[in-house]
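Heads up: the structure comes next, in structure tokens.
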Amino acid sequence: MARRNKKAKVNKKNIMILIFLLIWIIIFIYSGIKIFIWYRESKNAKSIIDEINKIAKVIEIEDYENIKIVNGCENEKNIKMNLLDVDLYELKKMNPDTVGWLQVNGTDINYPIVQTYDNNFYLEHSFDRKESKAGWVFLDYRNDIDNLDKNTIIYAHNREDKIMFNSLKNVLKQEWFDNAENQVIKLSTEKENSLWQIFSVYHIKTTDDYINVYFKDDNEYVNFLNKIKDRSAYDFQTDVGKDDRILTLSTCYNRSERLVVHAKKIKYELK
């Protein structure tokens, strides 16, 4: 009887070891598949970026009589910086959802932006509209790119392969802030080329209180501006008020936080 019990215990132990090994094999295979897919999507995204850069016609525009300065922004530190003009024609043939081009100084962000009927599609689709966890840089579906709202919002993933909004984290570095020329965003659309002065950068627990698009009155908007400005990791010494239009960039900072950049429009050219 004792020998039989001992044999049963050995068999039970062997079964447990076998189950444990099977679990680890399944985890190993699953992880391997996920890593393979991640690298494949990264490679595809970088291939699309290379194709875009070959066909995109991007030029800088020096100041001339048709370039306008937003009222009250004449003394902004980066007001003399050139605008960016991008011909979207060929890009719209690649993807009709293309609505503009975004460039953020002091980062690697230099991409066409897209917009569709919700804020989910381009979280899991690339510029070619094929499924991809890399996603793409996209405009909030509530915004009107031709008539900029008080708060125009652009999203993208924070990818470890250094694409999309990964380099947006540069804005939290002291050396980025110390170079005033970094504190600029350039936006080009079919209707307008514009220059934006950054006034707030921060990371915060996941919330949607900074992605408001509609405000019932000027007082609500000014309170919103004061709130997001007070959050900033740095003092940009840039004033914002009820008549300003702002641009918001949003991405993940970690699993529970968002990284956010806000800038105000200071100069533009109507096409």
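Structure notes:
- In the condition set (1) in a helix (DSSP H, G or I); (2) in contact with a helix residue (DSSP H, G or I) (Cβ under 8 Å, 6 or more places away or on another chain); (3) not basic (Lys, Arg), His203 is compliant with all but (1).
- Selection from the stretch 145-195 of residues that are within 30 Å of Glu220 (Cβ to Cβ) and among the β-branched types (Val, Ile, Thr): Ile145, Thr152, Ile153, Ile154, Val171, Val184, Ile185, Thr189
- Residue in the stretch 209-224 that is within 19 Å of Met81 (Cα to Cα), touching a Phe, Trp or Tyr at 6+ places or on another chain (Cβ under 6 Å) and outside any helix (DSSP H, G or I) present: no
- Against the conditions (1) assigned to a strand (DSSP E or B); (2) among the hydrophobic types (A, V, I, L, M, F, W, C); (3) farther than 28 Å from Asp235 by Cβ, Trp136 satisfies every one except (1).
- Filter pass, Tyr89 being aromatic (Phe, Trp, Tyr) and under 18 Å from Leu195 (Cβ atoms): no
- Checklist (1) surrounded by 19 or more Cβ atoms within 10 Å (Cβ to Cβ); (2) of a type outside the set (A, V, I, L, M, F, W, C); (3) in a loop (DSSP other than H, G, I, E, B) applied to Ser188, failing item: (3)
- Residue ID - surrounded by the fewest Cβ atoms within 10 Å (Cβ to Cβ), chosen from residues in the stretch 235-268 that are touching a Ser or Thr at 6+ places or on another chain (Cβ under 8 Å) and among the charged types (D, E, K, R): Glu257
- Ile228 in a helix (DSSP H, G or I), touching a Ser or Thr at 6+ places or on another chain (Cβ under 7 Å) and surrounded by 15 or more Cβ atoms within 10 Å (Cβ to Cβ): yes
- Taking every residue in the stretch 104-129 that is among the hydrophobic types (A, V, I, L, M, F, W, C) and pairing it with any residue that is in a loop (DSSP other than H, G, I, E, B), at least 6 positions away or on another chain, the pairs with Cβ-Cβ distances below 6 Å are Ile113/Val137; Val114/Asp97; Val114/Trp136; Leu123/Gly135; Phe127/Asn95; Phe127/Trp136.
- Residues that are surrounded by fewer than 18 Cβ atoms within 10 Å (Cβ to Cβ) and among the hydroxyl-bearing types (Ser, Thr, Tyr), drawn from the stretch 124-153: Tyr141
- When residues of the stretch 40-78 are limited to those that are part of a helix (DSSP H, G or I), polar (S, T, N, Q) and touching a residue at least 40 places away in the same chain (Cβ under 8 Å), the one surrounded by the fewest Cβ atoms within 10 Å (Cβ to Cβ): Asn44
Quick grid of which residues meet (1) in contact with a strand residue (DSSP E or B) (Cβ under 7 Å, 6 or more places away or on another chain); (2) surrounded by fewer than 19 Cβ atoms within 10 Å (Cβ to Cβ); (3) among the aliphatic types (A, V, I, L, M):
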{"residue": "Tyr155", "(1), (2), (3)": "yes, no, no"}
{"residue": "Asn158", "(1), (2), (3)": "yes, yes, no"}
{"residue": "Lys173", "(1), (2), (3)": "no, yes, no"}
{"residue": "His203", "(1), (2), (3)": "yes, yes, no"}
{"residue": "Asp217", "(1), (2), (3)": "no, yes, no"}
{"residue": "Tyr221", "(1), (2), (3)": "no, no, no"}
{"residue": "Ala233", "(1), (2), (3)": "yes, yes, yes"}
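- Pair list, Cβ < 6 Å and 6+ apart or interchain, from the stretch 171-197 residues that are of a type in the set (Phe, Trp, Tyr) to residues that are surrounded by fewer than 19 Cβ atoms within 10 Å (Cβ to Cβ): Trp176/Asn170; Trp176/Asn182; Phe177/Tyr234
- Test: Asn119 is at pLDDT 95 or above and either in contact with a Lys or Arg (Cβ under 7 Å, 6 or more places away or on another chain) or not in a loop (DSSP other than H, G, I, E, B) (or both): no
The values are calculated or read from the model by the stated rules, or taken from the named source; none is laboratory data. Please read all numbers here as calculations on a predicted model, not as lab measurements. With ideal geometry, Cβ positions are generated from the backbone for all residues, glycine too; neighbour counts draw on all protein chains shown.
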